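Everything on this sheet refers to the single structure shown next.
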């Protein structure tokens with residue numbers, strides 16, 4: 001059984017390794033590991049990360065931002081506005 005903290009640690013390791021982590025990659029990893037309980041459905045019916053995973057990841061990645069249009073996390077850059085969301 002994968003815990004939310006374990007999933008968040010995996011995400012953080014991928015962020016450190018690659019500079020970004022796509023939500024779809026984490027959803028795929030959790031699905032293949034049989035950890036669908038860590039996912040939820042969004043308004044469009046697609047599986048997305050559940051709140052417990054996101055909360056754990058945010059604790060680890062205070063200097064990362066969510067790029068909403070493309071659904072991935074990346075490291076903050078000087079051009080980013082305040083907050084956890086970015087536009088590219």
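Please determine, by comparing only the residues of the stretch 40-50 that are without any contact (Cβ under 8 Å) to a residue 12 or more places away in the chain and under 25 Å from residue 88 (Cβ atoms), which one is surrounded by the most Cβ atoms within 10 Å (Cβ to Cβ).
In this case the residue turns out to be 46.
Look at (1) in contact with a helix residue (DSSP H, G or I) (Cβ under 8 Å, 6 or more places away or on another chain); (2) assigned to a helix (DSSP H, G or I); (3) modelled with pLDDT under 95 and you find that residue 8 fails only one, number (3).
Among residues of the stretch 61-88 that are farther than 13 Å from residue 19 by Cβ, those with a beta-carbon under 9 Å from a residue that is modelled with pLDDT under 90 and not in a strand (DSSP E or B) at least six positions away or on a different chain give the pairs 68/87; 69/87; 69/88; 70/88; 80/87; 81/87.
Of all residues in the stretch 25-39, those satisfying the criterion of being touching a strand residue (DSSP E or B) at 6+ places or on another chain (Cβ under 9 Å) and surrounded by 14 or more Cβ atoms within 10 Å (Cβ to Cβ) are 25, 26, 27, 30, 38, 39.
Taken over the stretch 15-47, the criterion of being more than 10 Å from the chain's Cα centre (by Cα), within 27 Å of residue 76 (Cα to Cα) and in a helix (DSSP H, G or I) is satisfied by 16, 17, 18, 28, 29, 30, 38. Across the stretch 15-36, the qualifying residues are those that are touching a helix residue (DSSP H, G or I) at 6+ places or on another chain (Cβ under 9 Å) and without any contact (Cβ under 8 Å) to a residue 12 or more places away in the chain, and the one among them that is farthest from residue 88 (Cα to Cα) is 36.
The values are calculated or read from the model by the stated rules, or taken from the named source; none is laboratory data. None of these values were measured; they are calculated from a predicted model. Every residue, glycine among them, receives a Cβ derived from its backbone with ideal geometry; neighbour counts consider all protein chains shown.
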